Amino acid sequence: MAVSRGPDKSSYRVFGCFAIRNFYRAAKIACVAAMLGSAAESGRAETPAMSVAETCLAANPNLSLGVKLPRTAARLKSGEPLKIVAIGSSSTVGLWVLQSASTYPEVMRRELSRLRSNAEIRIINSGRVGDTIPGNIARFERDVFAHRPDLVVWQLGTNDVAWGGHPDDQLKKKVVEGVRALKASGADVILMDLQYAPMVLASGGYSKMEAVIGEVAQQEQAGLFSRFALMRKSVDAGVAPGALVSWDGLHNTADGYDCIGRALARTVSSTIH
């Protein structure tokens, strides 16, 4: 899924400042403003606004992975159990959400179960906080292949650039090797790219990392789920950046994980006819 244009960093300028430098002061101001607003609005009937996740989903109606998922399709059509492994870093772990039910892999499982009511779906969360592409690959044998998955969602690249890294040809070669190893196991493969977040946009290597992931997905015929594009389109549609990205300027909020998990499930389901 190609990213058609560069991100609008200005939409994150205020958010990044508050989230990283003045979080506690901003929280106090927001609390006071919320109480005042609540008092002013009491007694006024209003039409309920669309939720953040629903607005995010509405802004991304025609997502595509760019490939078929033959093993996944066969399992879902036959009613056989579908086993999914989600591997990645803290975005897969679901950092800052308090319940595993709010992580994107678990949201994805529930939404797929809703869409495919006759299916038995199991998901294994193999995320690790702070992990990088080489770290992910080093864990494949234990944390992916040992589970014998039908579908692997590999969330990758954020920690390889957010802390000052710069993708090069060697890192791209690693991604290629990783995808080939996953496909050789017989599993369908989806790559999930970076998040559209202040810390990512402030890095010097995010655009190169996005290009690497997109090029490898196309070259190796792996699926590409672009959460970067999904989040950017949501912000363009009017979702406040702070509604999708947490106080640290990097990880998703519960609403962000909710939209990502549901959108991914819908995209996977749409490949199966």
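The values are calculated or read from the model by the stated rules, or taken from the named source; none is laboratory data. The structure displayed is predicted, hence computed values, not measured ones. Using ideal geometry, Cβ is built from the backbone for each residue, glycine included, and neighbour counts are taken over all protein chains shown. Ligands, DNA and RNA are stripped out before the accessible areas are found, and what is left, the full protein with its side chains, is counted by its heavy atoms. Shrake-Rupley method; radii C 1.70, N 1.55, O 1.52, S 1.80 Å.
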Open item on the list: Please go through (1) open to solvent by less than 40 Å² (accessible area, probe 1.4 Å); (2) farther than 23 Å from Y206 by Cα for F145 and return the number of the only condition it doesn't satisfy.
Closed with: (1)
TODO: Sort out for me the helices (runs of 4 or more DSSP H) sitting completely within segment 122-221 that have 2 or more residues that are modelled with pLDDT under 95 and within 17 Å of the chain's Cα centre (by Cα).
DONE: none
TODO: Could you please give the count of residues in segment 223-237 that are among the hydrophobic types (A, V, I, L, M, F, W, C) and either assigned to a loop (DSSP other than H, G, I, E, B) or touching a Lys or Arg at 6+ places or on another chain (Cβ under 7 Å) (or both)?
DONE: 1
Task: Among residues of segment 238-273, those that are small (G, A, S) and part of a helix (DSSP H, G or I), counted - done: 9
Task: Odd one out for E177, checked against (1) at negative phi; (2) touching a residue at least 60 places away in the same chain (Cβ under 8 Å) - done: (2)
TODO: Identify all residues within segment 52-106 that are assigned to a helix (DSSP H, G or I), under 15 Å from G223 (Cβ atoms) and open to solvent by 30 Å² or more (accessible area, probe 1.4 Å); write none if there are none.
DONE: P70, R71
- [ ] Would you check if there is a residue in segment 118-129 being farther than 21 Å from A53 by Cβ, out of contact with any Lys or Arg (no Cβ under 9 Å at 6 or more places or on another chain) and of a type outside the set (D, E)?
- [x] yes
Task: Matching residues, segment 107-121, being assigned to a helix (DSSP H, G or I) and loosely packed, with under 15 Cβ neighbours inside 10 Å - done: R114
TODO: Within segment 164-175, identify whether any single residue is open to solvent by less than 20 Å² (accessible area, probe 1.4 Å) and in contact with a strand residue (DSSP E or B) (Cβ under 7 Å, 6 or more places away or on another chain), and answer yes or no.
DONE: no
- [ ] Residues being among the small types (G, A, S) and surrounded by fewer than 22 Cβ atoms within 10 Å (Cβ to Cβ): count how many of those fall in segment 199-241.
- [x] 11
